[in-house]
Structures are given as structure tokens and as C-alpha cells.
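Let me begin by presenting the structure, written as C-alpha cells, before commenting on it.
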Amino acid sequence: MKKWLVFLVWMAAAWVGKSQTLEATVTRTALSVGETLQYTLTLQNAQGEIRLPALDDFTIVQGPSISNSMQIINGATTRSYSETYWLRPKKKGKLTIPEATARTSGGILKSKAITIEVGEQRAGGGAAGQNLGEFYCQAYVSDRNVYVGEPLYVEYALYVSQRVYSQYRGNISAQSLTIDDSEGFWSESLDISETWDNEVINGVSFKKYVVQRHLFFPQTSGELTVGGMNIDARLGGGFFQRAKAVESTAPPIRVNVKAVPPSSEPSKGTFSEIEVKTSIDQSAFRSNEAFNMEVTISGKGNLKLLGEPQLSWPSDFEVFDPKVKDNIRMNQYGESGSRTFEYVVIPRSAGSFQMDGITFSYFDYKQEKYLTRSTPDFVFDVARGDGEGTQTYTYNSKTDVNILNQDILFLKTGATRLVPPSTHFFGSVGFFGLMSLPWLAFGALVFIRKRKEQERADVVGTRMKNAGKVAKKHLANAEKIAQTGEGREFYSELYRALTQYIGGKYNVPLSEMTGERIKNVLTERTNGTLAQEFSELLTTCEMARFAPIVSGAVNQHLADAHSIIQKIEKA
């Protein structure tokens with residue numbers, strides 16, 4: 001018995017030791033000089049002292065912020081201890097945050113090193129970089145002087161002071177948000193992190209949320225305008241706090257777009273760091289046998305606009321249209337990667353053939369001059385194939401091309417349905433059916449359009465009608481959050497689902513959404529018991545956002561919300 005007990009204790013200790021980790025994470029891996037990022041070190045299932053790495057390339061703006069958490073999932077308990085620091089890079093370039101260490105009872109744990117890409121400081125719109133108040137939005141561009149075709153990074157962000165953010169406990173929602181059009185640009189959208197970052201502006205701590213990120217490629221020279229942004233938002237709201245309406249406008253930004261200087265040679269466009277490579281899948285060639293040739297153009301710039309390179313193929317070569325393969329990445333520093341053109345080529349006769357190499361001339365926006373990249377000439381020594389002199393071709397390739405040794409292709413061998421010569425389509429039932437289809441379709445479109453106009457005119461009625469659908473979407477989102485173990489975020493989403501449902505169902509403005517008002521509305525429209533259940537669930541959500549969460553209660557509260565909404569819909 002003692003032996004088994006020792007064995008089980010040893011296995012448990014080994015399992016715990018395996019689960020001990022030190023994880024390093026950052027909120028962003030690409031930023032500009034002057035911006036900040038959050039660097040978090042999380043120690044799981046272990047106790048010990050975390051030691052910061054040498055942060056020679058960064059300044060610690062704030063921290064550490066310490067947090068402890070515990071999760072119980074399917075009976076398994078996970079404990080975490082985290083330290084969060086706010087770092088500001090000292091210079092541009094690719095910077096590295098070295099690995100951190102933690103000394104624990106199980107030994108020394110190490111995190112992974114993280115590479116951060118830091119670019120030039122951005123140019124803002126209006127009073128950029130200044131404290132415009134405790135709530136404001138701002139548009140940024142990476143540069144105010146660019147060439148036609150040069151990538152321009154554009155960012156729209158919302159700033160809330162740390163004081164206001166804490167006062168309203170992060171309960172900030174946009175009621176309307178508009179971004180003006182930017183004429184004269186080719187635009188590519190970039191992903192956003194959907195998290196609040198910390199940033200210090202003139203010594204004041206702000207919370208920053210990136211609304212949109214784009215890469216703009218100017219298509220014409222002159223003074224172009226990057227559109228501004230306007231936002232109407234609501235701060236707070238709930239049983240314990242009255243909502244406050246705020247708004248802010250980010251002015252547009254004027255950008256000077258310089259024309260590309262004229263060139264004596266045809267240019268492929270505006271790029272940077274271009275390289276041209278070719279590859280052929282075989283070294284020996286035979287007539288009537290296919291081979292594959294790839295041309296890869298790599299570098300930085302709007303590679304998606306690259307067209308097929310001009311090649312002077314020998315007249316005895318049969319060449320099929322190329323397949324295009326892209327390996328392109330986009331971030332705030334532009335578009336980079338490669339575009340590959342894959343050709344299937346069939347020499348139709350034997351002999352020695354020469355073809356000029358590829359010449360690629362472009363304007364380099366970083367060096368501000370024209371550059372040319374070229375490849376050596378191609379020489380193909382084609383041996384006589386087995387089928388040369390006949391009409392039988394051999395073909396084996398990765399492509400979908402098939403050359404068959406038949407004079408007539410695609411003979412139809414199945415049964416054919418014959419129609420008597422006296423049968424005419426004109427005047428038949430099918431003829432009149434097809435003639436009536438356009439009128440039926442036109443009538444259906446008129447009916448649908450009138451129905452849509454009525455719904456748009458009756459805003460309140462449409463909102464009340466769709467309240468249940470909107471609530472189901474919020475509840476589904478709350479259920480997803482519950483699976484991640486984020487209890488407070490779950491109750492925030494559940495609270496939002498319930499209040500927006502009542503607001504839409506009974507046309508109650510969000511600014512008047514108080515517990516007493518909701519209870520009175522439900523009592524008038526349904527019954528006192530249902531109103532009491534709804535109010536108690538709202539109170540539970542409100543308290544759970546700021547108090548410890550009872551394990552296992554999340555699923556019950558989600559089921560209660562579904563049940564109450566179904567009862568209201570039936571009532």
C-alpha cells in the first residue's frame with residue numbers, strides 16, 4: 001500500500017512539474033517610435049520570483065502591474081501569477097526582448113524571446129501627439145510626403161484617459177462611427193488587435209483603441225486628403241452609474257504625393273528591394289514534352305498590381321497562360337513578399353533555342369531613383385522526342401493540360417434525343433412561361449422594395465421586431481466567452497444582451513435604462529413575477545462584474561437569460 005502511495009505522489013509531482021510554464025506575451029509586435037506596448041510575464045502552476053531580461057532597447061514607462069488568477073475547468077485547477085510592464089522602444093528597427101527567467105521549486109523556467117519591429121514616428125492629423133482632452137479620436141499617417149505608388153500607413157484610433165477609463169470601468173461603447181472617404185488611393189485593410197493599449201502622451205496615461213488600419217497606395221500626384229473620423233460614444237451606464245454621451249472628431253490629413261520622375265525605359269511601377277529569380281524543373285528538354293518554368297518577383301510595394309513579365313518565347317515553343325501564386329504579407333510598414341508566374345512550355349521541334357532574359361525596371365521609393373533587375377539569357381537545347389514527325393504528342397505535367405492522340409476530341413457516344421420537325425418552341429407552354437418570367441420578377445422586386453421602405457420608415461417597429469434576434473446573437477457571444485473562462489467579460493456581455501433586448505423590445509432609450517424603469521416596463525407589459533426575475537438577473541450580472549465569481553454559476557445564469565427572454569416573447 002505504501003509503495004502505491006509513493007508511486008501516486010511521484011506521478012502527481014511529475015505531472016505538476018510538466019505543467020509549470022513561464023510565458024511572455026506582448027500586445028503588439030509592430031509599432032512606431034514613441035508608442036508603447038504591454039509586456040506580460042505569466043507564471044502558471046508554480047511559485048517563484050520572475051526576473052526581467054535586460055531591456056536595453058526599451059524604456060519601462062509603467063509597471064509592474066501584478067495579478068493572480070485561478071481557473072477550475074472540468075475539475076482541473078490552474079493558477080496563474082502575472083506581471084505586466086509598459087515598454088517604449090528607444091530606436092527603430094528590429095528589436096528583441098530577451099528571454100525572462102523564473103526560479104521555482106521545480107527549477108528555473110524560461111520564456112521565449114520576442115522580436116518587435118519598430119518603424120519611424122508617425123505623422124498625425126490636426127494637433128497630433130497633444131492632449132486634446134480625456135476622450136478624443138485621432139487619425140495618423142506614416143508620412144506626409146510620399147511618391148505615387150509608395151505605401152502609406154493610415155490608422156484611426158480612439159484615446160480615453162486612464163482616469164476616465166477607470167471611472168467607467170472600461171464600459172465604453174460607440175453609438176455611431178463614420179470615416180470620410182479618401183479619394184485617389186488604392187486601399188488595403190489591415191487586421192486590428194481589438195484590445196485597449198496603454199500610451200503616455202505629455203505625461204498623461206491614456207488607453208488607446210485602434211478602430212481601423214489601412215495601407216494606402218496613392219494613384220495620382222498632388223495634394224491628396226486622407227479622410228477624417230467622427231465618433232459618438234457612451235461612457236458607463238447601468239444600475240449604479242448613469243450613462244454619459246461624448247463625441248469627438250479627428251480632422252482629415254493632407255498628404256503631398258510626389259510624381260515619379262520620367263524614365264527613358266518602361267517602368268513596372270513604384271517598389272523597393274526588388275529581386276527577380278527564375279527556375280526550370282528540368283535540365284534536359286525533348287520535343288513534344290512539357291516542362292515548367294517559374295518567374296518569381298519579390299520585394300516591397302503593391303505586388304498585387306504586378307502583371308505578367310514580357311518574355312520573347314521562341315516561335316517553336318507552345319506556351320500556356322501562367323498560373324499566378326502570391327505569397328504577400330501586409331503590415332504597417334507596407335506590403336512585402338513575392339508573386340510567382342508558373343508557365344507550362346512544350347517545345348514542338350528539336351534544336352538549340354535562345355531567349356532573352358527578363359528585365360525589370362522600377363522606381364525605388366526609398367532610394368528615390370530608377371533601378372533595373374535582370375536575369376541571364378535562356379538557352380534551350382531540345383533533343384528529338386519519340387513522337388516528332390507524327391501527330392502523337394507525349395505530355396506529363398503538374399498542370400491540367402491534356403494533348404490527346406486523336407483527330408476529333410470529345411465525341412459524344414451516348415443516346416441522342418430527336419425532336420419531330422413539326423414541334424415548334426414558339427407558342428408552346430414553355431415559351432409563354434419564359435416570356436412571363438421578367439414580369440413576375442419585376443413584380444417581386446417592386447413588392448420587396450416597398451416592404452423594405454416600410455421597414456426603414458418604421459424604425460421603432462423594426463427595432464422592436466428584431467429585439468429577440470439581436471438578443472440571441474449577444475447570448476451566443478456570451479456563451480463563447482463563458483467557454484474561455486473570462487467570467488467578468490461574460491457577465492458584461494450578458495448584461496448588454498438583456499438591456500439592449502428590453503430597449504429594443506419596448507423602445508426604451510439606453511440613457512434611461514435603469515433598474516427601476518426596466519421593472520416598471522415589464523410589470524406593465526407582462527407580470528410582476530417575470531419583472532422580478534428579470535431585475536434579479538440584471539442585478540446578479542451587475543454585481544458579478546465587480547465581485548468574485550461563484551464557480552459553476554455561469555451556465556445557470558445563461559440558461560436563466562434564455563428562459564426569461566422566451567417568456568417575454570410569448571407574453
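The values are calculated or read from the model by the stated rules, or taken from the named source; none is laboratory data. None of the values given here were measured: they were computed from a predicted structure. Because the Cβ atoms are built from the backbone with ideal geometry, glycine has one as well, and the counts that use them run over all protein chains shown.
For this structure, a couple of remarks:
- All positions within the range 45-91 that are under 22 Å from Gly34 (Cα atoms), surrounded by fewer than 16 Cβ atoms within 10 Å (Cβ to Cβ) and polar (S, T, N, Q): Thr59, Ser65
Residue-by-condition table, conditions (1) part of a strand (DSSP E or B); (2) farther than 18 Å from Cys137 by Cα:
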{"position": "Arg234", "(1), (2)": "yes, no"}
{"position": "Gly237", "(1), (2)": "no, yes"}
{"position": "Asn256", "(1), (2)": "yes, yes"}
{"position": "Ile274", "(1), (2)": "yes, yes"}
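- Those residues of the range 69-93 which are of a type in the set (Gly, Ala, Ser) and outside any strand (DSSP E or B), in sequence order: Gly75
- Scope the range 105-127; condition in a loop (DSSP other than H, G, I, E, B), closer than 29 Å to Thr25 by Cβ and modelled with pLDDT under 75; matching residues: Glu120, Gln121, Arg122
- Among the residues of the range 271-284, those identified as surrounded by fewer than 20 Cβ atoms within 10 Å (Cβ to Cβ) and either of a type outside the set (Val, Ile, Thr) or in contact (Cβ under 8 Å) with a residue 24 or more places away in the chain (or both) are Ser272, Glu273, Glu275, Val276, Lys277, Thr278, Ser279, Asp281, Gln282, Ser283, Ala284.
- Selection over the range 521-532 of residues that are buried (at least 18 other Cβ atoms within 10 Å of the Cβ) and in contact with a Ser or Thr (Cβ under 9 Å, 6 or more places away or on another chain) gives a count of 2.
- Of all residues making up the range 32-68, the number that are assigned to a strand (DSSP E or B) and in contact with a Pro (Cβ under 7 Å, 6 or more places away or on another chain): 1
- Options Val319, Val344; residue that is farther than 28 Å from Ile192 by Cα and buried (at least 19 other Cβ atoms within 10 Å of the Cβ): Val344
- Enumeration of residues in the range 292-342 that are over 15 Å from Gly269 (Cα atoms) and of a type in the set (Lys, Arg): Lys323, Lys325, Arg329
- Filter pass, Ser82 being closer than 24 Å to Ala482 by Cβ and modelled with pLDDT of 80 or more: yes
- Subset tally (residues that are surrounded by 15 or more Cβ atoms within 10 Å (Cβ to Cβ) and touching a residue at least 40 places away in the same chain (Cβ under 8 Å)) for the range 186-218: 21
- Unique residue being within 32 Å of the chain's Cα centre (by Cα), in a strand (DSSP E or B) and either in contact (Cβ under 8 Å) with a residue 12 or more places away in the chain or under 14 Å from Glu294 (Cβ atoms) (or both) when the list is Val324, Val379, Val345: Val324
- Output for the range 260-287, where each listed residue is closer than 19 Å to Lys300 by Cα and aliphatic (A, V, I, L, M): Val260, Ile274, Val276
- Look at the range 486-497: where a residue is assigned by TED's automatic domain parsing to the domain that holds Met70, no partner that is small (Gly, Ala, Ser) sits 6+ places away or on another chain with Cβ atoms under 7 Å.
- Residue that is modelled with the lowest pLDDT, among those in the range 208-243 that are within 23 Å of the chain's Cα centre (by Cα) and of a type in the set (Phe, Trp, Tyr): Tyr209
- Of the criteria (1) free of Cβ contacts under 8 Å to residues at least 60 places away in the same chain; (2) surrounded by fewer than 18 Cβ atoms within 10 Å (Cβ to Cβ), which one Asn230 fails: (1)
- Answer from Glu294, Glu265, Glu223, Glu247 - the residue that is part of a loop (DSSP other than H, G, I, E, B) and of a type in the set (Asp, Glu): Glu265
- Selection over the range 297-321 of residues that are more than 30 Å from Glu120 (Cα to Cα) and either among the charged types (D, E, K, R) or part of a strand (DSSP E or B) (or both) gives a count of 6.
- Check on Ile481, under 30 Å from Thr78 (Cβ atoms), at pLDDT 75 or above, out of contact with any Pro (no Cβ under 6 Å at 6 or more places or on another chain) and surrounded by 10 or more Cβ atoms within 10 Å (Cβ to Cβ): yes
- Hits in the range 258-272 (condition: of a type in the set (D, E, K, R), under 31 Å from the mean Cα position of the chain (by Cα) and modelled with pLDDT under 90): Lys268
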